[in-house]
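Take a look at the structure below.
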Amino acid sequence: MPLFSLTRAALRRATAMGPALCGAALSAALLAPAATLAQDRDDPIRSARDAFVKKDKARLAALRAQVVDAKHPLAPWVDYWELTSRLTEARSEDIEAFYVRWPGSYVEDRLRNDWLLELGHRRDFDAFARDLPRFKMNDDREVSCYAQLIDHLAGKDVRDSARRAWMAQREPDEGCQLLAQTLVDAKLFSQDDVLRKLRHAVEHNRVKLARQTAALLSEPAAKAVADIFDNPARYLAVKANAIGHLRTELATLAVARVAANDVDAAARLLDDRWAEILGAEHGAWARAQVAKQAAIGLKPDALAYARTAWKTLPKKIEDQPDWSDETLGWLARAALRQGDGTERWQWALRAINAMSATERNDPTWQYWRARAQIALAKPGEAGDPARAEAQQALATLASQLHFYGLLAAEDLGAPQALPLRSAPPSETERNATRAMPGLQRALAAIGAGLRGEGVREWNFSLIGMSDRELLAAAQLACEREVWDRCINTSERTKAEVDIEQRFPQPMRADVLAKAKEIDLDPAYVYGLIRQESRFVMDARSHVGASGLMQIMPATAKWTAKKIGLDYKPGMITDRDTNLRLGTAYLKLVLDDLGGSQPLAAAAYNAGPGRPRRWREGPVIEPAIWAENIPLNETRDYVKKVLTNATIYASLMSGKPASLKARLGAPIGPRATSAPPADPELP
């Protein structure tokens, strides 16, 4: 049971005091040691949330009146749900009255976001323009598209900013499509602009967005894109030709879709016919898609496909092809994984240098670019400038708390030392934070079982905070054992760092005991838990993993049987049981994979079968292996777990710890002398 649970009685005491004292009473309510509101069927907030989900407008309206009249601490949320449920019929007066009732709150700005979208849908651009400057979050892509459209209609030159907003769109929506159609009609967006967007949508398998984008060209083009997604090989065989620029582009997209399903078939199509028909630029793009899909599949000929793509580029764009950053990233990974000697670094550097400036500045590519520069630098004085540039890049990274920052520090000669801890928040700073209504409402919502709403309110309340205020807010969350908000809030600071807030050690005695019992590194356990659940006891993933260590039900049952634990399904969320099962399973996975922490972390996230397959191929340094993990989520997960574990090891030992030591020996196929893989391991 969370420490910050709320009881109905405590909330009644808080609300009965009226608005002046409600905040103070709410702070006391947050510590009430009784059943949570989430467990109380009579709770009006939970009932209102249920009515909102079920679209029961009458009951929601009645509950809204009840909690607003009672000055319930979470009344703003019920008011928001009720007004949102009838937003399509709402009047400006209704919206303004809501703003007045809850000024400066998350729900005020959340409703403003919703209302701006509704105004855009109504084409009430005058009202939209009046309300937009008050939108504090200003993080909605569709709202941005409507704003660009309004500026265009007012006579402003928005060509570049509108193109950026539109190209950043990931899902189809009304506002961005209206912006694009308007600028296409005004000849401000060209056919090439639309085709570039279409390429990105097809490459990333965004079917609806691709069809919506193709409709800007013509209805037949939209139909052709639908056919390409449905059966690209048939489209190429029956419907495609390369007469005209648009038809060439559509045929190129069809080859890319074939590659997404069958790399070798796409390569044969290009070799046998389509490379010559498509021409150099389109053919090179299609070959780059083949190389990308081969790299994602860890196929041994991925680098060969990439070399062919580079070599078929027209001379005028051979160093800056119009390929996506994602494609170039996979071409770089293929070079790192499969290249040998100088070739590895030449092709990796070429791909990195072709990326956008934003992507090149990502720590991943800063690190590998520096490594490539060092490897390719000429001997002696002639190579000094390249080495100096690379060393400077590594030095910049080496002060940053992430995977490549830790690696860069060791490349320069020593493990990264943890930053000096900033002075803790003063009592004055902490009192100011405790008095913030938004943070109080956030804790109340989380305690009432409305974690999603509470997290959003908490994050909104952090906007504009200084480092000192963020440290105080993080400390408040730590004290209430809301560990995910403690960590995420502390991570927002820039100049001042409290490493113990960012890497807390709750349940230290239990974690150390469980780890020692089965000879498991406690820093590794903490690193994994921090990434899995942020120490949220009742965390549940979209795939059904539960608890502190995010164990799947079938895995929990299997592990319990393996270790002789008398287990029932309801025990999975019990803290001690979850910790025991999670550490036991992690140890079993680690032993099965020869003690490799990168492989075991990947197995914990994606199942042991995948890293067993991913280790096949060349024997490579573990950092290159980790960077080549095909699943984006698992790649990020492995790097963060190992980084977390290294930092926890530093905190526990009081001295800098080595990430490279934790990454271990080069990774390749299982040694013939090693025990066989456990086929039952889930």
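The values are calculated or read from the model by the stated rules, or taken from the named source; none is laboratory data. Remember, predicted model here, so these are calculated numbers, not experimental data. Neighbour counts are summed over all protein chains in view; Cβ atoms, including those assigned to glycine, are modelled from backbone coordinates with ideal geometry. Each accessible area value is taken on the protein alone, full model and side chains, heavy atoms only, with ligands, DNA and RNA left out. Shrake-Rupley method; radii C 1.70, N 1.55, O 1.52, S 1.80 Å.
If R0 is 22 Å, the Cβ-Cβ spacing of Arg360 and Glu621 corresponds to a FRET efficiency of close to 0.50. What the Cβ-Cβ distance of Ser658 and Thr182 gives, at R0 = 51 Å and to the nearest 0.05, is a FRET efficiency of 0.35. For region 339-344, the Karplus equation 6.51 cos²θ - 1.76 cosθ + 1.60, evaluated at θ = phi - 60°, returns couplings of x, 10, x, 4, 4, 3 Hz by residue, with Gly and Pro reported as x. Cross-link pairs exceeding 27 Å in C-alpha to C-alpha distance, out of Lys557/Lys587; Lys55/Lys568; Lys223/Lys299; Lys514/Lys640; Lys156/Lys494; Lys197/Lys639, comprise Lys55/Lys568; Lys223/Lys299; Lys156/Lys494; Lys197/Lys639. As a fraction of the 1.4 Å probe accessible area of region 241-358, surface on carbon and sulfur atoms comes out at 46 percent.
Backbone phi angles across region 624-638, fed through the Karplus curve with coefficients 6.51, -1.76 and 1.60 (θ = phi - 60°), yield HN-Hα couplings of 5, 4, 4, 5, 9, 4, x, 7, 4, 4, 6, 4, 5, 4, 4 Hz in residue order; Gly and Pro are listed as x. Couplings 3J(HN,Hα) for region 202-210, derived from phi with the Karplus relation 6.51 cos²θ - 1.76 cosθ + 1.60 (θ = phi - 60°), are 5, 4, 9, 6, 9, 5, 5, 5, 4 Hz, where x marks Gly and Pro. According to the calculation over all Cα-Cα pairs in region 218-331, the P(r) per 10 Å bin from zero is 15, 49, 31, 5, 0 %. Calculate, for His402 and Ser161, the FRET efficiency according to 1/(1 + (r/R0)^6) with r their C-beta to C-beta distance and R0 35 Å; round to the nearest 0.05. It comes to 0.70. Normalising the average separation of contacting C-alpha pairs (under 8 angstrom, six or more residues apart) by the number of residues puts the relative contact order of the chain at 9 percent. Centroid-to-centroid, using Cα positions, region 396-462 and region 222-279 are 49 Å apart.
Using 0.36 nm per residue and subtracting the Cα-Cα separation, the extra length available between Ser190 and Ser673 on full extension is 167.7 nm. Rg of the Cα atoms in region 522-657, relative to 2.2 N^0.38 Å, amounts to 1.05. Put a dot 7 Å past the Cα of Ala226, heading toward its Cβ, do the same for Ile277, and the two dots end up 2.3 nm apart. Charged side chains reduced to their Cβ positions (Lys and Arg at +1, Asp and Glu at -1) give region 222-338 a dipole of some 100 debye around its Cα centre. Distances over 17 Å make up what percent of all Cα-Cα pairs in region 266-391? Tail of the P(r) past 17 Å holds 57 percent of the pairs. Dividing the convex hull volume of the alpha carbon atoms of region 156-225 by its residue count gives 78 Å³ per residue.
Our helix-only sum for the chain, with -39,500 (n - 2.57) per DSSP H run of n ≥ 4 divided by its residues, gives a mean residue ellipticity at 222 nm of -19000 deg cm²/dmol. The ellipsoid equivalent to the alpha-carbon distribution of the chain has semi-axes of 44, 37, 25 angstrom, derived from the gyration tensor eigenvalues as √(5λ) and listed largest first.
A 1.4 Å probe run over the protein chains yields, for the chain, 44 Å² of accessible area per residue, whole-number rounding.
Scaling the Cα radius of gyration of region 343-411 by the globular reference 2.2 N^0.38 Å produces a ratio of 1.07. Extending 7 Å from Cα along the Cβ direction at Lys561 and again at Gln320 yields two label points whose distance is 6.1 nm.
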